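Colleague: Structure in structure tokens, see below.
The values are calculated or read from the model by the stated rules, or taken from the named source; none is laboratory data. What you see is a predicted model; the values in this text were computed from it and never measured. Cβ placement follows ideal geometry from the backbone for every residue including glycine, while neighbour counts extend to all protein chains displayed.
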Amino acid sequence: MPKLNVIILAAGIGKRMQSSLPKVLHALAGVPLLLHVIKTARSLEPHKICIVIGHGGERIKQTITGDDLTWAEQEHQLGTGHAVMQAQPHLDVDGLTLILYGDVPLVKADTLQKLLDISKEKYCALLTSTMENPSGYGRILRNAETNAITRIIEQKDASEEQQKICEINTGIMAIPNRYLHAWLPRIDNKNAQSEYYLTDIIEIAAEEAIAVKSAQPADFWEIMGVNNKYQLAELERIYQKEKARVLLDQGTTLMDPARIEVRGELTCGSDVYIDINCIFEGTVKLGNGVHVGPHSILRNVTVAAGTHIAPYSLVEDAQIGENCKIGPFARIRPGTKLLDEVHIGNFVEVKNSLIAIGSKANHLSYIGDSEVGERVNIGAGTITCNYDGANKYRTIIEDDVFIGSDTQLIAPVKVSRGSTIGAGSTITRDTPEDALTLSRVKQESVAGWKRPTKSKK
């Protein structure tokens with residue numbers, strides 16, 4: 001297997017995006033366009049990845065990191081050939097170079113592998129496509145007798161007859177390094193745009209009798225680029241549709257495949273059900289039989305088998321055990337671990353806490369920086385007061401505790417095993433085991449008291 005170098009062109013200004021953000025940093029499925037391309041490139045196990053940057057280059061380097069990335073700067077955007085020239089010093093002497101684009105995020109690794117297999121370090125390989133309306137694209141010129149590729153001509157330089165050709169250049173190509181090093185210095189800018197076209201090397205290859213072979217993607221959307229927000233939105237829909245198709249093929253039930261957003265990696269076990277308008281961000285793993293109710297958001301979460309997440313719940317950076325019930329309108333914040341058969345009900349917020357098997361907080365409570373034992377019942381309106389304005393403290397609630405409604409636990413504090421806390425209590429000291437603890441002021445009634453009334457003007 002020859003050494004594989006990958007060049008990703010990412011120097012464009014992207015004026016039509018109408019944004020100060022470099023074009024390749026605009027998000028597709030929650031991830032910068034450029035990162036999609038890098039991920040695909042990495043899957044091919046290249047020897048080097050060189051990214052050519054220009055506009056907003058420093059911001060790109062701050063956002064996209066990796067020890068396997070080499071950066072080359074194109075100070076002035078003088079065409080694709082000029083861009084590749086900036087990366088040339090970083091290329092191996094031998095091997096093969098694959099040229100990709102930072103704003104073409106959906107090309108598949110399998111499609112690129114076809115190009116590499118065609119080239120075999122002997123031939124030039126182009127990714128082409130056929131379209132009914134090829135306006136704006138460079139055209140593939142072939143020998144009328146042999147059908148061999150002889151040239152790529154850009155739209156602005158094409159004759160009226162050449163513009164009728166429907167086979168277009170995608171810009172993606174694989175070129176043996178020994179040819180690339182020899183041919184790049186021969187490219188000039190004598191064309192309608194006064195730019196150095198990378199495509200000119202194809203004509204040089206034909207002149208030197210080096211075969212130029214082609215492959216086509218399985219789907220046209222693989223080679224669609226982003227030049228404006230509308231095109232970005234188009235690719236978002238395509239991406240999500242493809243993600244939904246894969247999930248359905250794997251056996252996941254989607255209530256409406258058109259209403260799911262996957263912005264990362266979603267892995268589902270068997271018999272998983274996902275209702276409408278759910279969003280999955282980062283790395284999410286759903287075990288067998290998990291049910292996710294509508295309008296829920298899961299971010300970097302592992303959910304074990306049999307758990308039901310009711311509508312409008314937000315779960316992020318957490319681990320959820322088996323057969324739990326969460327929501328509706330629950331918020332599970334980072335650092336939380338729920339063991340099996342835990343119930344977190346409506347308008348309950350849990351942060352950085354461990355809740356053990358069989359415990360419940362069914363409504364209107366806040367549990368933060370806490371360790372909750374097994375079979376604990378937390379009544380409505382319970383609050384762990386974990387923050388003194390400067391520092392955060394832990395609350396320990398041991399097994400078989402019953403906490404009455406509207407209780408405040410002032411951390412640091414321990415509620416010992418078997419404790420019962422009377423409703424409306426404020427607990428500031430550790431409680432004894434198997435005892436009732438409560439703190440209430442004496443109830444009084446004032447006879448003859450009258451409510452104040454508004455004075456008449």
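Colleague: Quick one: what pairs do we get from segment 155-181, first residue more than 17 Å from L91 (Cα to Cα), second loosely packed, with under 15 Cβ neighbours inside 10 Å and among the aliphatic types (A, V, I, L, M), C-beta under 8 Å, 6+ apart or different chains?
Modeller: These pairs meet every condition: K156/A192; D157/A192; C166/M131; I168/M131.
Colleague: So in segment 329-378, with the set limited to residues that are outside any loop (DSSP other than H, G, I, E, B) and charged (D, E, K, R), which one is farthest from P294 (Cα to Cα)?
Modeller: Across segment 329-378, the extreme among qualifying residues is E371.
Colleague: Among the candidates V292, V315, which residue alone is among the hydrophobic types (A, V, I, L, M, F, W, C), closer than 19 Å to L247 by Cα and touching a Leu at 6+ places or on another chain (Cβ under 8 Å)?
Modeller: Going through V292, V315 in turn, the sole match is V292.
Colleague: While we're looking at this one, here's another question. From the set of residues in segment 216-236 that are surrounded by 20 or more Cβ atoms within 10 Å (Cβ to Cβ) and touching a Lys or Arg at 6+ places or on another chain (Cβ under 9 Å), which is farthest from D117 (Cα to Cα)?
Modeller: Here the answer is V226.
Colleague: So if I check each of R375, R331, which one is in the same structural domain as V284 (by TED's automatic domain parsing), of a type outside the set (G, A, S) and out of contact with any strand residue (DSSP E or B) (no Cβ under 8 Å at 6 or more places or on another chain)?
Modeller: The conditions single out R375.
Colleague: A further question on this structure: How about segment 134-152: which of its residues are in contact with a helix residue (DSSP H, G or I) (Cβ under 6 Å, 6 or more places away or on another chain) and under 17 Å from I187 (Cβ atoms)?
Modeller: T150, R151, I152
Colleague: Now for a separate question. Name the residue, out of G381, G321, that is in contact (Cβ under 8 Å) with a residue 24 or more places away in the chain and surrounded by 20 or more Cβ atoms within 10 Å (Cβ to Cβ).
Modeller: Checking each option against the conditions leaves just G321.
Colleague: Can you tell me how many residues within segment 202-215 are part of a loop (DSSP other than H, G, I, E, B) and surrounded by 15 or more Cβ atoms within 10 Å (Cβ to Cβ)?
Modeller: Summing the residues that are part of a loop (DSSP other than H, G, I, E, B) and surrounded by 15 or more Cβ atoms within 10 Å (Cβ to Cβ) in segment 202-215 gives 1.
Colleague: May I pose another question? Consider Y273 against the criteria (1) of a type outside the set (A, V, I, L, M, F, W, C); (2) modelled with pLDDT of 95 or more; (3) surrounded by fewer than 16 Cβ atoms within 10 Å (Cβ to Cβ): it satisfies all of them except one. Which criterion is unmet?
Modeller: (3)
Colleague: With respect to the numbered conditions (1) part of a strand (DSSP E or B); (2) modelled with pLDDT under 95, which one is the sole condition not fulfilled by T70?
Modeller: (2)
Colleague: Let me ask another. Just wondering, is there one or more residues in segment 79-102 that are out of contact with any strand residue (DSSP E or B) (no Cβ under 7 Å at 6 or more places or on another chain), surrounded by fewer than 19 Cβ atoms within 10 Å (Cβ to Cβ) and under 27 Å from E167 (Cβ atoms)?
Modeller: no
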